[in-house]
Amino acid sequence: MNILAIETSCDETAAAILKAKRGRLELAANVVSSQINIHKKYGGVVPEVAARHHLENIIPVIDEAVQAAQIKPAAIDFIATTAGPGLVTALLVGIETAKALSYAWNKPLIPVNHMYAHLAANFFNQSIQFPALALIVSGGHTEIVLLKNHHHYNKIGQTVDDAVGEAYDKAAKLLNLGYPGGPIIARLADKFSGLSPINLPRPMINSRDFNFSFSGLKTALLYTVQKMTKKEIKTRTPEICRAFQNAAVEVLVSKTIKAAKKYQVQSILLAGGVAANKKLRADLKAAAEKNNFQFRVPEFKLCTDNAAMIAIAGYYLSRKHHPQKDGWQKISADPNWEL
Ligand code: KG4
Ligand code: ZN
């Protein structure tokens, strides 16, 4: 089975070809065209600008994936595309392109939830022991999801304000470090190894639910730097980044382990763009294994937005519901599609 997948929910235009043979998945192409350099100068993603660039890039990106995989359209079994959540102007480019190809090539089209796809990146040739608990952390979402199997899941917690990736991005903006903030803060945090008097709050770490809050952490960071001179902020940036990262990661790890124990799961899965964070990967793995949970996280390139994860999700969805050829007519963008 060969799947063409398309992703345009935010600022990456992506296409992938996944081949499935007897349950074994092979990534024949995974093309990501990033717009980060374009949005950098605005300090964040501008939806209309993102849509315009998706429009310019989508056909060349699909073409590159098809060429790299050396596959003819006739050999594609179905198309999978992100239908939400995301920026509506950006989503529409991927969806309308996928619908056009579905009609022209007479191939079924499967709409994929972007957050389920982040999660499904963990299903790429990795065995998972169920029930499992997933922490999905990205620029727009911070969620804890309980999974009965590959298809049945329900959300048990989420952020009540900012997503953790958004908090990283806002913290970087506050410190004038550039966009996207996550990788920059992570890199600077690694440069500080001493003891620091900066102690930022761990919001909602002791709440009984599995929700998160990150806007207070960002405000605490603001108050901390407001007390410093410009020169002091500059020289202490790695220390400030480390304090911020320590607080964010500790809350994520602590609440995920608490939820895993409460729901008596077998394994813990980490997913989403912030899952590319080395400290979060290492700390959650250590805490999970200490408590005898299997730990899974996708390889780095499958954490941040890509179309391979859309193809993997499409593959699992196709095993649940056989995709229909005229399905494209019913598919539309859902910018707020909840897991
Ligand atoms: O999943 P993703 O690529 O896009 C969304 O669906 O939002 O996640 C992007 C987010 C951004 O907020 C970015 O700053 C964050 O993931 N991120 C990181 C790292 N790499 C990306 N955050 C912390 N550490 C990283 N290494
Ligand atoms: Zn994402």
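Every number in this text was worked out from the coordinates using simple rules, so none of it is lab data. As the structure is a computational prediction, the values presented were derived from the model and not from experiment. FYI the Cβ positions are ideal-geometry reconstructions off the backbone, even for glycines, and counts take in every protein chain you see.
Between ALA75, ALA243, ALA260, the GNM of the chain built on Cα springs shorter than 10 angstrom shows ALA75 fluctuating the most. Taking label positions 7 Å along the Cα-Cβ direction at both SER196 and ASN154, the computed distance is 4.0 nm, reported to one decimal.
Among the listed pairs LYS148/LYS218; LYS278/LYS320; LYS148/LYS279, a Cα-Cα separation exceeding 30 Å is found for LYS148/LYS218; LYS278/LYS320.
Residues considered: HIS150, HIS53, HIS321. Largest GNM mean-square fluctuation over the chain, using C-alpha springs under 10 Å, is found at HIS321. Excluding ALA80 itself, calculate the net charge of residues whose Cβ lies under 14 Å from the Cβ of ALA80, where each Lys or Arg counts +1 and each Asp or Glu counts -1. That sum, taken over residues with Cβ under 14 Å, equals +3.
Relative contact order of segment 245-297: 43 percent, from C-alpha pairs under 8 Å at least 6 residues apart in sequence.
Considering only ASN176, ASN30, ASN113, the Gaussian network model of the chain with Cα springs below 10 Å gives its largest mean-square fluctuation to ASN176.
Residues VAL137, VAL93, VAL45, arranged from fewest to most other Cβ atoms within 10 angstrom of their Cβ, appear as VAL45, VAL93, VAL137.
Placing R0 at 35 angstrom, the Cβ-Cβ distance between TYR223 and LYS278 gives a FRET efficiency of 0.80 after rounding to 0.05. Bridges between two residues of the chain, per DSSP, are antiparallel at a rate of about 60%. Principal axis analysis of the Cα atoms in segment 129-297 yields extents of 52, 28, 27 Å, listed in decreasing size.
Sequentially through segment 158-168, phi angles give Karplus couplings (6.51, -1.76, 1.60; θ = phi - 60°) of 7, 6, 8, 9, 7, 6, 5, x, 5, 5, 4 Hz, Gly and Pro residues having no value and appearing as x. Take every pair of alpha-carbon atoms less than 8 Å apart whose residues are at least six positions apart; their mean separation over the length of the chain yields a relative contact order of 25 percent. Measuring max minus min along each principal axis, the C-alpha atoms of the chain give extents of 63, 46, 30 Å (largest first).
Per-residue extension of 0.36 nm, minus the Cα-Cα distance of LYS262 and THR235, leaves a gain of 5.4 nm for this segment. Under the shape rule built on the C-alpha gyration tensor, where the axes satisfy a ≥ b ≥ c, segment 35-153 is oblate, since a/c reaches at least 1.5 while a/b does not exceed b/c.
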